[in-house]
Amino acid sequence: MSRARADEEEYWHSSKFRAFTFDDEDDELSQLKESKRAVNSLRDIVDDDDDDLERVSWSGEPVGSISWSIKETASGSSSSLDGRDSSLQKGSSSYAALPKQVSSYSLSNLFKGRNKLPSFQSLSDALTDTGVKNYAPELRRPRAEYKDYSSDWNPRDTVRRMQRGKICSLERFRSLQDKLVLLDEAVAGHDGNVITAVLIFLKRTLRREILFRELEVRQVALCHLIHFLKETGEQKLLLDLLRFLDRTEEVALSQYREHLNIQDVEKRREFLKGCIGLPFSAEDTSHIQDHYTLLERQIIIEANDRHLEMAGQSEIFRKYPRKASILNMPLVTTLFYSCFYHYTEAEGTFSSPTNLKKTFKIPDKQYVLTALAARAKLRAWDDVDALLTTKNWLGYTKKKAPIGFHRVVEILQRNNAPVQVLQEYVRLVEDAETRLNLATKYKCHDVVIETYRDLKDRIQLIAYKCKVERGSAEEDKINSILNN
């Protein structure tokens, strides 16, 4: 141990590096004392056995503790130093050998004032080394990736990179010709997202007149832009584009669509009144007129019914309170509401179902279906019977259902109609198989027995006899048919 100390003292005497001091620089004794203190402080660090502390070298590579770094540097430098004292090389062997994790800059190198050429360890070797905890430094991006932002990509390459999800700046395309080539390449790529992205760029960087003129001869891009403007709600730009293209009907429809954003009922009614004069087609003009008339009716009906409901003067409103307002409801909903609350009113009133049918030219099939559902919900079976009863020119009455009696049976059954009512309309189903299925499904025994009797199917009658209750009227009816 004393020899190692002597070797180190000799090393420090022969070193060309000297500590700075304000004293006289010829004072060799003070320099020697300063060197000894530095070595002793380093030795205290070397003798530290605390291996739990992990350290990282200045280059970012993993190493062990500071004492390990000093030992490693001392042992590694013994073979590369020429002209050094051999006693120093012998002293370095007294330290314990550890696995080499070579670092370009270690603390011992900084203290001794020399750099050691490193033999760098590969990444795979560092990862497989389980003896020492490794720290993976943050790697810089490959220089090739910066081409996404800085290189001068042509329109075709730009579109291809956008299709692969790469970030590409479109600001480099400054001339009109480059922008149009970029748009054509996007359309040729058949990628809607890329086309939309390029159109957004053109919409932001071109004047409207130029953009509209160029899109007029590019129908695919034009359709994409129109759909995009509709989805984003850019109504003003959309109307300007449609006017430029002389699409008057689409302009009118776009303006009419604005009524959806008007919440106030009176303002919406006035807006619809103004839309009647827009250049619609003949069919669309009729629809706009019906919309305005319907909203006007709904306002009148809503005000009257609200007053009746609050005053408690109507029995039906007391028994079945309204669940929602009728304002802005569709025509079929308004008809159902009218059939539910105002079915018996005269045709001259605005809330009469027959008045609504006549005003809006509702087909018989739609009217019967809606009125049947409303009256069946109220369990008004007499109204259902009157609805399906017609008279011919001779005054004879018969049952008639434009929607088919099989649908009548289904609606009545959903509203829990009694079996007697169901049987009456199941009998009116013309197709025998459909009639048998409905009668069996809804347990209309009389209809099943009568159908098998008409078909003269004795075997089915005997089989069906086992399905009815013993001693019931249905069993007696089956026995009477079988014995006759």
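Observations, loosely collected:
- Unmet requirement for GLN163, which otherwise passes all of (1) crowded, with 16+ Cβ neighbours inside 10 Å; (2) in contact (Cβ under 8 Å) with a residue 24 or more places away in the chain: (1)
- Within segment 456-468, being open to solvent by 100 Å² or more (accessible area, probe 1.4 Å) and under 16 Å from LYS443 (Cβ atoms) holds for CYS466, LYS467.
- Residue in segment 454-476 that is part of a helix (DSSP H, G or I), more than 30 Å from LYS319 (Cα to Cα) and either modelled with pLDDT of 90 or more or of a type in the set (S, T, N, Q) (or both) present: yes
- Within segment 169-215, being under 14 Å from LEU229 (Cα atoms) and not hydrophobic (A, V, I, L, M, F, W, C) holds for THR196, LYS203, ARG204, ARG208.
- VAL159 vs. criteria more than 27 Å from ASP240 (Cα to Cα) and at pLDDT below 55: no
- When residues of segment 469-484 are limited to those that are open to solvent by 40 Å² or more (accessible area, probe 1.4 Å) and of a type in the set (Asp, Glu), the one farthest from TYR452 (Cα to Cα): GLU469
- Scope segment 164-189; condition of a type in the set (D, E, K, R) and in contact with an Asp or Glu (Cβ under 8 Å, 6 or more places away or on another chain); matching residues: LYS166, ARG172
- Of everything listed in (1) open to solvent by 50 Å² or more (accessible area, probe 1.4 Å); (2) charged (D, E, K, R); (3) more than 23 Å from ALA386 (Cβ to Cβ), the single unmet condition for GLU424 is (3).
- Pairs with Cβ under 8 Å, 6+ apart, first in segment 259-270 and open to solvent by less than 90 Å² (accessible area, probe 1.4 Å), second among the acidic types (Asp, Glu): ARG269/GLU296
- Residue check, LEU378 out of contact with any His (no Cβ under 9 Å at 6 or more places or on another chain), hydrophobic (A, V, I, L, M, F, W, C) and open to solvent by less than 50 Å² (accessible area, probe 1.4 Å): yes
- Hey, PHE350 in contact (Cβ under 8 Å) with a residue 40 or more places away in the chain and open to solvent by 60 Å² or more (accessible area, probe 1.4 Å) or not: yes
- Elements of type helices (runs of 4 or more DSSP H) contained in segment 329-431, each with 1 or more residues being more than 41 Å from the chain's Cα centre (by Cα), of a type in the set (Phe, Trp, Tyr) and modelled with pLDDT of 90 or more: 331-341, 381-387, 405-414, 419-426
- Matching residues, segment 217-231, being open to solvent by less than 70 Å² (accessible area, probe 1.4 Å) and either in a helix (DSSP H, G or I) or among the small types (Gly, Ala, Ser) (or both): ALA221, LEU222, HIS224, LEU225, ILE226, PHE228, LEU229
- Considering only residues in segment 276-328 that are assigned to a helix (DSSP H, G or I) and of a type in the set (S, T, N, Q), the one that is least open to solvent (accessible area, probe 1.4 Å) turns out to be GLN298.
The values are calculated or read from the model by the stated rules, or taken from the named source; none is laboratory data. Keep in mind the model is a prediction, meaning the values are calculated, not measured. Positions of Cβ are generated from backbone atoms using ideal geometry, with glycine treated the same way; all protein chains shown enter the neighbour counts. Note: areas computed on protein heavy atoms with side chains; ligands, DNA, RNA excluded. Shrake-Rupley method; radii C 1.70, N 1.55, O 1.52, S 1.80 Å.
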